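The values are calculated or read from the model by the stated rules, or taken from the named source; none is laboratory data. If you're wondering where the values come from, they're calculated on a predicted model, not measured in any experiment. As a convention, Cβ positions derive from the backbone with ideal geometry for all residues, glycine included, and neighbour counts pool all protein chains shown.
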Amino acid sequence: MEMKKSRKIILTVIGIVVALYTLFPFYLVVMNTFKNANSIVASPVGFEGVSLGQLMTNLSSVVNNSNFNFWYAFGTSVLITVISLVVLALFGGMAAWVICRNKTKWSTTIYMIFIASMMLGQNGKVKTLPVAVQAFVGSYVKQWDLILTAALLAIIPMVIIFLIAQKQIMNGMVEGAIK
């Protein structure tokens, strides 16, 4: 009985450590979105410099920045994600099976095209959110307040979708584990 109790305590402590390790980057992003760049550099983990007014300034700077073009990058990210998921769901498994089973010049060529398409593209005009964040990174200056605010704006839709579809995601994971 004593062994079960100590094992449960150890597993609980390990679970808490893993949860803190996983959530710490989110904490940093959210916390530093409320700060200006100087406060972030001075105290990235602490509460010094946290201000709701600074959050509003950062949000406004990100959304209205002509180099970043948040809404265009957001729309592009959504469009590419939806199209990629639909195409992948429809053709990914079938294409992978054919390419793996048939060792011909055509299958090798198609495989190389798939690999090249992952590396090439994005002519600088079409930018997804992660690529567009580079607008805030220069050779000598990094606008951490705007980088982290843009990261937060990119994270929020994913968190909302997860919270809405949480039950279905968990059910799918359980069903997949059972098979």
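Results, tabulated for the structure shown:
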item	result
Test: residue in region 80-93 that is in contact with a helix residue (DSSP H, G or I) (Cβ under 9 Å, 6 or more places away or on another chain) and surrounded by 13 or more Cβ atoms within 10 Å (Cβ to Cβ)	no
Residue check, Ser66 under 20 Å from Ala135 (Cα atoms), modelled with pLDDT under 95 and not β-branched (Val, Ile, Thr)	yes
Residue check for Ala95: small (Gly, Ala, Ser) and modelled with pLDDT under 85	yes
